[in-house]
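Structure record follows, encoded as C-alpha cells.
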2 protein chains.
Amino acid sequence: MKPSIPKGTRDFLPGEVYKRKYIFDTIEGVYRKYGYSPIETPAMESLSTLTGKYGEEGDKLLFKILNNGDFLAKADEGALQSRNSDQLISSISKRGLRYDLTVPFARFVVMHQNEISFPFKRYQIQPVWRADRPQKGRYQEFWQCDADVVGSNSLIYEAEIIEMLYEVYEKLGIDVMIRINNRKLLNGIAEVCGIADQFMDMTIAIDKLDKIGSQGVIKELAAKEISEEVANKLLRMVTAKNLEDIRQGLANSEIGCKGIAELDTIFKYLEGRPSLHKVTIDPTLARGLNYYTGCIFEVVHNEDSYPDLKMGSISGGGRYDNLTEVFGMKGNSGVGISFGADRIYDVLETLDLYPDTIQETIDLLLVAFDEKSHDYAYKALLKLRDAGVRADLYPEPAKMKKQLKYADDRAIKWVGIIGDNEMNQNTVMLKNMNTGKQEAVAVDLLIDKMS
Amino acid sequence: MKPSIPKGTRDFLPGEVYKRKYIFDTIEGVYRKYGYSPIETPAMESLSTLTGKYGEEGDKLLFKILNNGDFLAKADEGALQSRNSDQLISSISKRGLRYDLTVPFARFVVMHQNEISFPFKRYQIQPVWRADRPQKGRYQEFWQCDADVVGSNSLIYEAEIIEMLYEVYEKLGIDVMIRINNRKLLNGIAEVCGIADQFMDMTIAIDKLDKIGSQGVIKELAAKEISEEVANKLLRMVTAKNLEDIRQGLANSEIGCKGIAELDTIFKYLEGRPSLHKVTIDPTLARGLNYYTGCIFEVVHNEDSYPDLKMGSISGGGRYDNLTEVFGMKGNSGVGISFGADRIYDVLETLDLYPDTIQETIDLLLVAFDEKSHDYAYKALLKLRDAGVRADLYPEPAKMKKQLKYADDRAIKWVGIIGDNEMNQNTVMLKNMNTGKQEAVAVDLLIDKMS
C-alpha cells in the first residue's frame, strides 16, 4: 500500500514547522501586547452551530462527521429511499469541522458569558477546514489567526486593529497596504444613487471593479436594470481619491454621514501614527457584507514594492454589530481581524524574508570512531546535556563519512569527533561544518563554548 | 437557540490555555534539547491509512468524514438496501480524523523518506480524536505529545527516553515511577512456562494482576486451560523483585535472555543517573503488545508521594520493530514515547503545582474619568505601547467602579487612573490592585516602572 494524504491537506516537515511557528509567534506576540487573551475551541462543532452561518455555499463546504455506530438505524427513511444526500445529512451526522474561528467564538461568548469580562479581547490560532476545490495556495485545512473584541462599540478598537496590522507586518518585514471601508458609507452611496434596494447588486459589481473595469461594472449593473447614468455616478463616488470628495457627495445621507464620522474618529485615533501611512480608504472594498455592519479591513501587499508578487489579501476583518445574536445574545458588537497564515507563509517564502535564525537545530553532534570512543562520547553527551547544551550523539560508531553526512543533513553547525587521541587527551575534535575548520577542545570547555 | 458543543469536547478559556501551554512548552523544551524536531500532519487522513491499524475496536472509534456533495450517488447499493452501516461507510466516506500520532508518523516517514535523515527524531504535539464514550478525564478530542526516533535499533534511545521522561516530570514537579518491561522478557517467561502459544492470554491476565490479585489471575488462566501450577510459576516470575531472579529463571530461553540483555544495556546507559532512581522493572506491564516488540514504558505518579491521587498512566511508549512496514517500508525500527497532556493537566491541577507566573495578563490598564482624560489616557497608551509595555485602556470613561472591576476580573495588577489632577501634572495615579496602594507617577517614568 502506497500511503498518501487527502487532497488539499499537507504534512509539515521540521523546516516548515519552524517557519510557520515564526509567523504564529509574531502575530501572537502582537496580540498579547495589545491585551488579547488566547482561547481554544474544539475542531468539531455541532452541525446546528455551523449550518446556515456561511450561506448556502458555505453549508456545502462544511466537512460533516458521520455519526458513530449504526448510523443508518436513525437515518431519514424518505431521504434514503429518494437517495437525497442533502436531506439525509442531518439524520446521519450531528457534527462538523470548524469552518472559521468567528462562529465558534460567538458560540463561545454566549456559552461562557458569565466567566468572561466585557469588552472581551480574545485571540485564537487554530486550523479550520473547508471542502473547497484544492488549488495553488488554497487548502482544505488551513490556519487562521484571529483577534476579536466583543462587547464594546468603541471605535478605539478599529484603530487598535490597524495598529496591530501595522505592527505585525512591520515585524514580518512585509510592506503592505491596509484598505479600509465602512458598510455605512456603502449604504450612503447606494442611497444617494437611488439604488438602496439593490445594495447587494451594487456591492457585488463594484467589488469587481479592479478586475472588470468601469465598463464591466456598468454592464453588470445594466443587467440589474441600473441605468448607465446611475452607474457612472456610483463609479465617481467609489473611486473618489479622498474622503472630502466622498463626504460632500454623502451630505444628504444620514447613514452615509455616520459612516464618514466613524472613519473620521478612527483617523483621529491614528493621528501622527506611522500606521496611518499604510491606510487607504477604498469604497470599492466590499468583503463580508453579509455580516459586517461597520468598518471593513483588508490587507494586501504593496504592489509598488513587489510588482511581481501575485497574492490575494493576507488579512481581513471588520465590525459586526450582531456577532452573538444568532446564539440568542443581543447587543454585543464585535470587531476583529484575521491573518491568513498560509498566504503569509507563501509571501515570506517568495520574498525570502525569513530570518536565518528560525531554523532551529541542535548545538552539537558527537560522532565516534569505534565502540570504545562511542562509550566515551556517550558520557560526554550526558555532561553536555546536564549543562543544558542541546547535544546529540550518532547512535553507533558508523563510518565517519556517514555520520558527518547526517550532521550535514540536519544542518548542525558543530560536530565533536572522538577517537583514541581525543580519549587520551580528554578532548573532542570540534569541527565547524560551515568552514570545515577543526580544533581540539577539552570536554569541560566545550560546555562553555556551546552555551 | 441555546448553543452547546459536542459531548466529549471542550472549550478552553484563557486561564486554561496558559496552563496547557505551560505543559506543552515544558515537554517541547525537553524534546528539542534532546534533538527531536517538530513535524505536523493533517487532522484528516485517508480512511485507508487509519483503518485496521487500531484493531476492530479502534476502527469503530474512528471519526469518519462524510464525502462532500451528492455522496449517495456513489453509495454501495447493497449496503443501502440492507441498511448495513458498517458496509456502507467505505462508499460514502474517504477520510477520517487522526486517532493517534503514531500511524500518521509512520505514514509520514514512508512518504517523506527521501526528505529526512535517519535516525529521524521527531516530536509532534497535536490533538487526536476518538469516539470513546466520554467520562471524567476522557475526551473525544485530546492532545498527544509524542517523540519517536525511527531508523535505528540502538538501545541508546531507550535510555534517552527514560532521561526525557525524568527531565519533563522533574520540571513539572511531579514525582513519578517509570515502569519498564520488555516484550522479549514476556516471550521468554511464556516459553519457560510452556505457554508460548498462549502469549496473549497470558499477558492479558497478568496485566490485571494489580486489579484482580493472584487468585484472580489463576482463575482467569484456568479458564484458558492453564494449570494452577503453571500459573503459580508464572506469577513467581512476573512478581520477582529484581532482575537477577528473572535472569536465572530465563536462562534457558533464548528470547528471554535477549530481553534481559536489552534491559542490561539500557541500565548500563543509565548508570549513576538520577533518572535511574525512578525506574522500576515491571514484568506485569503489558500495554501495547499488539505493536511493541522490545521495551515497553509506562509512567504513573508515585503513589507513596500522592496516596490520594486517582489517575491512570500519564505517559507510555515502547519500541516497535515494524513501524513503517504496513506502509511498505521494511526494517525501520522505531522507539517512542507519548505524554498525555490532559491527564498531566489534571494532575497538576489536583496537586496545585502550576507556577504562579504562567497566568499572563497585561502589565497595566489605564482608566479615565471623562472624555477629556480619556483622550489624554489614549495618548499615554500609545506611548506605553510604543515602548513595548503591554498596556490597555478601558474603551470609554465609564463609572470608575466598573472600570476597576474590569481590571480585577482580568487579574491586572496595575491600574493607571487619570482625571483632571493627573492631566494637569502630566502623571497617572498608579494603583496596585493587590495592595490597594496608589501613587502619582509621571507618564515617562511609568514606562520604566512597567518594563
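The values are calculated or read from the model by the stated rules, or taken from the named source; none is laboratory data. Computed from a prediction, not measured in an experiment: that's the story for all the values here. Don't worry about glycine lacking a Cβ; one is built from the backbone with ideal geometry, like all the others, and counts go over all protein chains shown. Surface accessibility is based on the protein's heavy atoms, side chains included, excluding ligands, DNA and RNA. Shrake-Rupley method; radii C 1.70, N 1.55, O 1.52, S 1.80 Å.
If the condition is being of a type in the set (S, T, N, Q) and free of Cβ contacts under 8 Å to residues at least 24 places away in the same chain, then the range B:243-274 contributes only B:248.
Counting only residues that are more than 22 Å from residue A:105 (Cα to Cα) and either charged (D, E, K, R) or open to solvent by 20 Å² or more (accessible area, probe 1.4 Å) (or both), the range A:285-305 holds 5 of them. Restricting attention to the range A:50-73, does a residue exist that is polar (S, T, N, Q), farther than 23 Å from residue A:135 by Cα, open to solvent by 20 Å² or more (accessible area, probe 1.4 Å) and under 26 Å from the mean Cα position of the chain (by Cα)? So far as the range A:50-73 goes, yes, one or more of its residues are polar (S, T, N, Q), farther than 23 Å from residue A:135 by Cα, open to solvent by 20 Å² or more (accessible area, probe 1.4 Å) and under 26 Å from the mean Cα position of the chain (by Cα). Please tell me if residue B:76 is more than 9 Å from every other protein chain (Cβ to nearest Cβ) and surrounded by 16 or more Cβ atoms within 10 Å (Cβ to Cβ). Considered against the rule, which asks whether it is more than 9 Å from every other protein chain (Cβ to nearest Cβ) and surrounded by 16 or more Cβ atoms within 10 Å (Cβ to Cβ), residue B:76 comes out as no. Residue check: residue B:22 meets all listed conditions (1) modelled with pLDDT of 95 or more; (2) assigned to a loop (DSSP other than H, G, I, E, B) but one, namely (2). Among residues of the range B:180-195 that are over 20 Å from residue B:222 (Cβ atoms), those with a beta-carbon under 6 Å from a residue that is charged (D, E, K, R) and surrounded by fewer than 24 Cβ atoms within 10 Å (Cβ to Cβ) at least six positions away or on a different chain give the pairs B:181/B:282; B:182/B:262; B:184/B:258.
Candidates are the residues of the range B:353-366 that are open to solvent by less than 20 Å² (accessible area, probe 1.4 Å) and touching a Lys or Arg at 6+ places or on another chain (Cβ under 9 Å); the one that is farthest from residue B:438 (Cα to Cα) is B:362.
Taken over the range A:208-240, the criterion of being closer than 19 Å to residue A:296 by Cβ and open to solvent by 80 Å² or more (accessible area, probe 1.4 Å) is satisfied by A:210, A:211. In the range A:95-111, is there at least one residue being closer than 30 Å to residue A:26 by Cβ and touching a Cys at 6+ places or on another chain (Cβ under 9 Å)? Within the range A:95-111, one or more residues are closer than 30 Å to residue A:26 by Cβ and touching a Cys at 6+ places or on another chain (Cβ under 9 Å). For the range B:410-451, residues that are open to solvent by 90 Å² or more (accessible area, probe 1.4 Å), out of contact with any Lys or Arg (no Cβ under 9 Å at 6 or more places or on another chain) and acidic (Asp, Glu) total 1.
Of the residues making up the range A:59-69, none is of a type outside the set (S, T, N, Q), more than 7 Å from chain B (Cβ to nearest Cβ) and under 12 Å from residue A:124 (Cα atoms). Among the residues making up the range A:264-281, none is on the phi > 0 side of the Ramachandran plot and in contact with a Phe, Trp or Tyr (Cβ under 6 Å, 6 or more places away or on another chain). What is the residue count in the range B:1-13 for residues that are without any contact (Cβ under 8 Å) to a residue 12 or more places away in the chain and open to solvent by 20 Å² or more (accessible area, probe 1.4 Å)? Residues flagged as without any contact (Cβ under 8 Å) to a residue 12 or more places away in the chain and open to solvent by 20 Å² or more (accessible area, probe 1.4 Å) within the range B:1-13 amount to 5. For the condition closer than 19 Å to residue B:65 by Cβ and out of contact with any Lys or Arg (no Cβ under 7 Å at 6 or more places or on another chain), what is the one hit in A:66, A:62? None of the other options fit; the residue is A:62. If you check residue A:191 against the conditions, is it open to solvent by less than 30 Å² (accessible area, probe 1.4 Å) and either touching a strand residue (DSSP E or B) at 6+ places or on another chain (Cβ under 8 Å) or in a helix (DSSP H, G or I) (or both)? No, not satisfied. Please count how many residues of the range A:28-46 are assigned to a loop (DSSP other than H, G, I, E, B) and closer than 16 Å to residue A:336 by Cβ. Total meeting the criteria: 5.
Figure legend. Inter-residue proximity from the range A:21-48: first residues farther than 17 Å from residue A:148 by Cβ and at the interface with chain B (Cβ under 10 Å from one of its Cβ atoms), second residues among the aromatic types (Phe, Trp, Tyr) and open to solvent by 10 Å² or more (accessible area, probe 1.4 Å), beta-carbon distance below 6 Å, spacing 6+ or different chains. No pairs are indicated. The residues of the range B:306-337 that are open to solvent by less than 10 Å² (accessible area, probe 1.4 Å), among the small types (Gly, Ala, Ser) and outside any strand (DSSP E or B) amount to a single one, B:333. Here is a check on your reading of the model: is residue B:264 in a helix (DSSP H, G or I), more than 25 Å from residue B:216 (Cα to Cα), charged (D, E, K, R) and more than 28 Å from the chain's Cα centre (by Cα)? Yes: the conditions hold for residue B:264.
Out of the residues in the range A:379-403 that are surrounded by 18 or more Cβ atoms within 10 Å (Cβ to Cβ) and not hydrophobic (A, V, I, L, M, F, W, C), which is farthest from residue A:451 (Cα to Cα)? My answer is A:397.
Being within 30 Å of residue B:357 (Cα to Cα) and surrounded by fewer than 18 Cβ atoms within 10 Å (Cβ to Cβ) is a condition met by at least one residue of the range B:32-45.
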